[in-house]
Each structure stands twice: as structure tokens, then as C-alpha cells.
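The next block holds one structure in the form of C-alpha cells; read it before the comments.
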Amino acid sequence: MQDKIKAVALISGGLDSMLAVKVIQDQGIHVEGINFYTGFCVEGHTHAIRSKDKAKPKRNNALWVAEQLGIKLHIIDIVEDYKDVVINPKHGYGANMNPCLDCKIFMVNRARTWMEENNFDFIITGEVMGQRPMSQRKETMPKVAQQSGAFDRLVRPLCAKNLPETLPEKEGWIDRDKLHNITGRGRKPQISMAKDFGFNDFAQPAGGCCFLTDKAYSNKLDDLWKNRGEKRYELDDIMLLKVGRHLRPNERFKIMVGREEGENNYLEGYTYAFSHIRPLDYTGPLVLVDGAPNAEDLRLAARLAARFGSGRDAEQVQVEVTQLDGSRIAMHVKPMPVADIPLEWYL
Amino acid sequence: MSEHNLNARNLLCPMPVIRTQDCIKTLEKGDELTVICTDPGVVNDIPTWCRINGHEVLAIQEKGREIHITIQVG
Ligand code: SF4
């Protein structure tokens with residue numbers, strides 16, 4: 001007798017992958033989940049950083065989904081390998097810096113490797129044809145199957161009836177009639193399925209599953225690359241782009257300003273790596289200075305820092321500037337009037 | 001049975017969960033692992049991860065800015 005058939009599901013934490021697993025579980029298949037951590041995930045961090053979110057119960061949606069479904073979840077750190085997907089996407093970017101098609105191919109490929117190493121039989125995703133402009137179109141869905149090397153071991157239970165028959169269907173491991181034919185961007189069929197399954201309180205992320213679909217975030221990443229002179233990043237870089245206000249007065253430097261206590265605490269952890277400015281005779285945020293500012297730039301940075309503190313309307317305030325070599329100087333500056341800060345400085 | 005510590009300070013979720021998962025893979029059933037973290041998100045995430053993967057949380061202690069979570073490997 002054949003061993004129990006096993007499927008590995010890509011779990012994002014959203015409703016679609018949750019439904020896709022349930023559809024397959026209900027056919028008697030053993031399912032385990034896999035969740036990839038790229039560093040750009042919307043999950044967790046911003047909640048952990050911003051104090052204002054602390055009151056709300058925090059949860060990792062992928063873990064929550066796995067618990068609701070009663071499946072194991074393997075979270076895999078792909079930060080290093082994923083860089084190439086973001087930096088050199090063969091199929092290009094979507095509306096922002098989101099390389100969705102390359103990303104899907106990469107993730108399904110990693111899931112395929114996991115499947116082979118762990119003796120699983122096929123892969124499930126929550127993809128819906130026509131839902132996403134880049135990676136979930138009729139023409140691109142077969143590309144994901146082929147270029148990931150998963151071929152007919154990739155099953156999309158929510159729209160499988162619109163796609164060619166897969167191996168698990170041909171082999172009779174799962175019944176095609178019990179799969180679905182959802183298409184398009186509407187959410188009604190999914191909501192109604194969720195109701196039938198008794199799922200409540202599921203997450204419905206708007207846009208994409210990561211910060212790369214966010215316009216403001218993408219602008220900051222683009223700025224980082226332009227000013228670095230090359231497309232390159234470390235995990236700390238992309239984490240910092242999620243935190244605080246970023247203002248770039250010129251090509252030599254930008255400042256990062258904590259918006260509240262949680263962000264200040266987070267930025268505090270990076271004072272070893274950046275020149276920074278602290279208020280001395282007023283209350284205000286910690287400001288990190290990124291780049292190679294000259295003396296005049298530092299003065300400008302200090303005036304900007306003062307603008308975000310309680311002394312913004314004072315004639316003069318005192319700040320302390322700590323340089324990368326650890327030297328500290330106290331500076332008297334006039335806070336920059338809000339109206340004098342060009343809007344294009346805000347990234 | 002042996003006792004182990006894992007330093008996950010200054011890591012943001014889900015990194016502490018990933019480190020815990022990867023560390024537990026190297027341990028034996030019955031071993032105890034104390035994960036030391038600073039991201040408050042771990043108070044939810046590590047116990048959830050343990051529940052779905054069959055490990056038991058023995059204690060969660062807040063020590064100043066740190067959170068110490070002791071797990072028995074299942
Ligand atoms: S939104 Fe982000 S994580 Fe989702 S497919 Fe696109 S690039 Fe990948």
C-alpha cells in the first residue's frame with residue numbers, strides 16, 4: 001500500500017493559502033506549511049517597532065493560519081538568496097519594486113527542494129488566476145510551474161479547474177471535481193468559502209504580501225540604491241527603510257527620524273553604525289544620519305532634527321551630534337521652519 | 001536531558017522563531033531550551049510555534065527588557 005500522500009503548502013498568512021490547504025486537507029492529504037522570510041514581509045516588525053501598535057494583540061498570521069488548520073509550519077529564512085530576486089528580476093518589477101513573478105518562481109522552487117528533501121509528493125499555493133497583475137495571470141501561472149521545476153506537482157486548489165490537470169489529479173490522489181475555478185480580483189468566492197469552513201478573523205492584506213508593493217517603501221529602496229551607486233542591500237538596510245521618516249536634502253546624506261518612542265528605541269540600536277543627533281534642551285526624536293555629510297550638512301541635519309522636536313518654534317535649540325568616530329559636539333541651531341523644508345526631501 | 005540557551009536578543013519576529021526552530025532541530029526530545037529575546041512579539045509567536053510543532057513552553061519570564069522563554073522539546 002502506498003504511504004500517505006503528503007503536500008507542502010506555501011503559507012503567506014492570508015486567506016487564500018488557508019483555503020487552499022483546507023480544500024486539500026479535506027481530501028485526506030497530510031499537509032505541512034512552509035513560510036518564507038524575505039526581510040520585506042509585512043508581518044511582525046512594524047508592530048514590534050511602533051509602540052502605538054503594542055496595545056493591539058500581535059500575531060504572526062502564518063503561524064495563526066497553521067494553528068487554525070492544525071498543520072506544522074516551517075519558517076525559512078531566505079534573506080540572503082532572495083537578494084538576487086529583488087536586485088535582478090528576470091521578469092522585471094510590477095507597479096513598484098515588487099518582482100512578483102520571479103518571487104513566485106523562486107518560492108515555488110524552494111518549496112520543491114523542500115518537498116524532495118522531505119519526501120513530500122506535491123506543492124500547494126493559494127494562487128487565484130487573474131488576481132494579481134503580474135504573477136497570477138493565465139499566461140504566467142504555467143511559467144511559475146515550469147521555471148520553478150515543480151511542473152505538474154504544483155496544485156492551485158482555488159483555480160485548478162481553469163488549469164491543466166496536475167499529477168496528483170491524474171494519479172487520483174486528489175479529486176479534480178472537488179477543486180475550484182475562482183478567477184479575478186473579487187473576494188466574494190473566498191469569503192463565502194471561508195464562511196462554509198467556519199473561518200473567522202482571517203487576515204486580508206490589501207495589495208501584496210510584502211513591502212515591495214508599497215510605493216513609499218519602494219521610493220526609499222530606489223533612493224538607497226541610487227545614492228549607494230549600486231543595487232545592493234543588507235537586512236539592516238531594508239529593516240531601517242520600514243522605520244521613521246526619511247528625508248534626503250542632498251546626495252551626500254539622508255536623515256532617519258523616529259516618529260514615536262518605539263521607533264526611537266529601534267533606531268537607538270543602530271547608533272553604533274550612524275552619526276546621530278539627540279536633543280539637549282528640548283524633547284524630540286533621535287535622528288540617524290546616513291551617508292557622508294560634510295560640516296555644513298551636519299548643521300542642516302541638526303536644524304532638521306530640531307524641527308521635529310518640542311523646540312520647533314524656538315529661536316535656537318541645542319543638540320548633540322555624535323560622529324561615527326564617537327566624537328560629540330554640542331551645536332546651537334535654529335530649527336528649520338516647516339515651510340522651508342522642500343517636500344521632495346521627504347522620501 | 002540537557003539544558004541549552006539561545007541568544008535571540010535584538011532580533012525581530014519572525015527571526016527569533018526561526019532561530020528557535022533551527023536550534024530545536026539539533027536537540028533531543030526532553031531537552032530544555034531557553035530563548036532570550038527582546039522583541040515582545042515572541043510572547044505570542046514562540047508559544048504558537050511550539051503548540052503547532054508539538055513542543056511545550058515551560059515558562060515565560062520578563063526580565064527588564066528581555067523575555068526568557070523556556071521550552072521542552074517534544
Ligand atoms: S508581493 Fe512581495 S512576497 Fe508577494 S509575490 Fe510579490 S514580491 Fe513576492
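Observations on the model:
- Hypothetical label at residue A:196: residues of the range A:150-176 whose amide nitrogen lies under 15 Å (7 Å Cα-Cβ projection): A:157-161, A:175-176
- Residues residue B:10 and residue B:44, FRET efficiency given R0 of 30 Å [Cβ-Cβ distance, rounded to 0.05]: 0.95
- Taking a straight Cα-Cα cut-off under 17 Å and skipping sequence neighbours fewer than 8 places away in the same chain, the aspartates and glutamates within cross-link reach of residue A:178 are A:16, A:26, A:127, A:165, A:169, A:196.
- Cβ-Cβ distance of residue B:51 and residue A:171, R₀ of 51 Å, FRET efficiency by 1/(1 + (r/R0)^6): the value works out to about 0.95.
- Using a Förster distance of 25 Å, the FRET efficiency for residue A:294-residue A:265 (Cβ separation, nearest 0.05): 0.25
- Cα centroid separation - the range A:1-25 against the range B:9-31, whole Å: 24
- Rounded to 5, percent antiparallel among DSSP beta bridges of the protein assembly as shown: 60
- Lys, Arg +1 and Asp, Glu -1 on Cβ, resulting dipole of the protein assembly as shown about Cα centre, debye, nearest 20: 1160
- Accessible surface of the range B:3-72, 1.4 Å probe, proportion on carbon and sulfur as whole %: 44
- Global dimensions of chain B from alpha-carbon coordinates: Rg and Dmax equal 10.9, 30 Å.
- Top of A:203, A:20, A:62 by mean-square fluctuation, Gaussian network on chain A, Cα under 10 Å: A:203
- Accessible heavy-atom area order of A:312, A:156, highest first, probe of 1.4 Å: A:312, A:156
- Most to least accessible of A:80, A:230 (protein chains only, probe 1.4 Å): A:80, A:230
- Computed accessible area, residue A:117, all protein chains, 1.4 angstrom probe, square angstrom: 130
- Paired Rg and Dmax values of the protein assembly as shown, which use every Cα atom, in angstrom: 24.1, 84
- The range A:140-157 versus the range A:177-228: alpha-carbon centroid distance in Å: 20
- Heavy-atom accessible surface of the protein assembly as shown, averaged per residue, reaches 46 Å², computed with a 1.4 Å probe.
- The Rg/Rh ratio for the range A:6-212 is 0.94, where Rg is the radius of gyration of the alpha carbons and Rh is the Kirkwood radius.
- Hits among lysines - C-alpha to C-alpha of residue A:83 under 18 Å, sequence gap 8 or more where chains match: A:104, A:220, A:226, A:231, A:242
- Ordering of A:22-34, B:53-65 by packing [mean C-beta count within 10 Å, highest first]: A:22-34, B:53-65
- Peptide B:30-41, shielding by other chains (average Cβ, 10 Å cutoff): 2
- List B:32, B:3, ordered by accessible area with a 1.4 Å probe, largest first: B:3, B:32
- If the chain linking residue A:281 and residue A:204 were pulled fully straight, counting 0.36 nm for each residue of separation and taking away their Cα-Cα distance, it would gain 23.2 nm.
- Relative contact order [Cα under 8 Å, 6+ residues apart], the range A:243-345, whole percent: 25
- Neighbour net charge for residue A:36 - beta-carbon separation under 9 angstrom, K R +1, D E -1: 0
- Over the range A:243-345, the alpha carbon radius of gyration divided by the compact-protein estimate 2.2 N^0.38 Å works out to 0.95.
- Using a probe of 1.4 Å, the accessible surface attributed to residue A:140 totals some 0 Å² when neighbouring protein chains are kept in position.
- Rounded accessible area of residue A:268 (nearest 10 Å², 1.4 Å probe): 80
- Helix-only [θ]222 nm of chain A, DSSP H runs n ≥ 4, -39500 (n - 2.57) each, per residue, nearest 500: -9500 deg cm²/dmol
- Separation of the residue B:60 and residue A:232 label points, Cα + 7 Å toward Cβ, nm: 4.1
- Loss of accessible area when A meets B, both sides summed, Å² nearest 100, probe 1.4 Å: 1600
The values are calculated or read from the model by the stated rules, or taken from the named source; none is laboratory data. Bear in mind the structure is a predicted one, so any value in this text is a computation, not a measurement. No Cβ is skipped: glycine too gets one built from the backbone with ideal geometry, and neighbour counts run over all protein chains shown. Each accessible area value is taken on the protein alone, full model and side chains, heavy atoms only, with ligands, DNA and RNA left out. Shrake-Rupley method; radii C 1.70, N 1.55, O 1.52, S 1.80 Å.
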